[in-house]
Amino acid sequence: MDQGLTPTVEPVSKLIQELNKLPGVGPKSAQRLAYHLLRAPEEQTRLLTEAILSVKQKISLCSVCFNVTDADTCLICRNDQRDRSQICIVEQPQDILALEHTGIYKGLYHVLHGAISPTEGVGADDVRIKELMNRLQGSSVSEVILATNTNLEGEQTAMYLSKIISPLSIRITRLAQGLPFGTELEYADDVTLTRAIEGRQEF
Ligand SMILES: [Zn+2]
């Protein structure tokens, strides 16, 4: 554990250590959370523990789009009201939440679970691109929306996807307008995202 924190008994320091491993939780926040949980009613901590365990036990990935699901296919793939001619390609399942929150996109999704990054040794085979291509082959999909992040990895991934999808003569668009370079979709606000979907451009 980092220096400068109050030394504490083992179960507490262990909890701090584990919380500190979570994204966005630094040593100070981990300490604050740990002491919050220490003071919280037992019922609250029990619900939290159960929620964490149940995510690990009951949740898997959709066999079609790789979104998180508690069944073979996810709620979006199962929904008859969704437009099956459009597939929006995102990096992470939480990007779907952000886009769904805008309420304007009615198509399907495909989650890559990452982005191509030669510098970090992540190639096309390390994300769900093969599965996407299998899905597109002989499908009735008429438009693919590239909604990868607007950072270097996201742009590289979009370029690569555009190159391999174009022979399939499917319209390829990219979320662009309003999203500044370096934006992670998950953190974009509704107005910006809505504008980005509506203003998507041929890619
Ligand atoms: Zn799905």
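The values are calculated or read from the model by the stated rules, or taken from the named source; none is laboratory data. The shown structure was predicted, so the numbers you read here are calculated from the model rather than taken from an experiment. Virtual Cβ from ideal backbone geometry, glycine too; neighbours counted across all protein chains shown. With ligands, DNA and RNA removed, areas are computed over all heavy atoms of the protein, side chains included. Shrake-Rupley method; radii C 1.70, N 1.55, O 1.52, S 1.80 Å.
Descriptive notes on the structure:
- First in segment 64-80 and more than 18 Å from GLY103 (Cβ to Cβ), second anywhere and part of a loop (DSSP other than H, G, I, E, B) and more than 8 Å from the ligand (Cβ to nearest atom), Cβ under 8 Å, 6 or more apart: PHE66/LEU112; PHE66/HIS113; PHE66/ARG128; VAL68/ILE59; THR69/ILE59; ASP70/ILE59; ARG78/ALA71
- Residues in segment 167-186 that are surrounded by 12 or more Cβ atoms within 10 Å (Cβ to Cβ), in a helix (DSSP H, G or I) and either at pLDDT 95 or above or not acidic (Asp, Glu) (or both): LEU168, LEU185.
- Residue satisfying all of: in segment 36-60; touching a residue at least 12 places away in the same chain (Cβ under 8 Å) and surrounded by 12 or more Cβ atoms within 10 Å (Cβ to Cβ); farthest from the ligand (Cβ to nearest atom) among these: LEU38
- Scanning segment 73-104 for residues that are under 22 Å from THR192 (Cα atoms) and open to solvent by 10 Å² or more (accessible area, probe 1.4 Å) returns GLN86, GLU91, GLN92, PRO93, GLN94, LEU97, ALA98, GLU100, HIS101, THR102, GLY103, ILE104.
- Residue list for segment 84-106, filter: within 14 Å of the ligand (Cβ to nearest atom), in a strand (DSSP E or B) and either among the hydroxyl-bearing types (Ser, Thr, Tyr) or out of contact with any helix residue (DSSP H, G or I) (no Cβ under 9 Å at 6 or more places or on another chain) (or both): ARG84, GLN86
- Cross-chain or 6+ apart pairs with Cβ under 7 Å, segment 11-24 first and over 28 Å from GLN94 (Cα atoms), then open to solvent by 90 Å² or more (accessible area, probe 1.4 Å) and not charged (D, E, K, R): VAL12/LEU38; SER13/MET1
- Extreme residue, most open to solvent (accessible area, probe 1.4 Å), among residues of segment 61-72 that are within 7 Å of the ligand (Cβ to nearest atom) and of a type in the set (Val, Ile, Thr): VAL64
- Taking first residues from segment 123-151 that are more than 21 Å from LEU99 (Cα to Cα) and partners that are of a type in the set (S, T, N, Q), the Cβ contacts under 7 Å between residues at least 6 apart in sequence or on separate chains come to SER140/SER85.
- Selection status of GLU143, surrounded by fewer than 17 Cβ atoms within 10 Å (Cβ to Cβ) and modelled with pLDDT of 85 or more: yes
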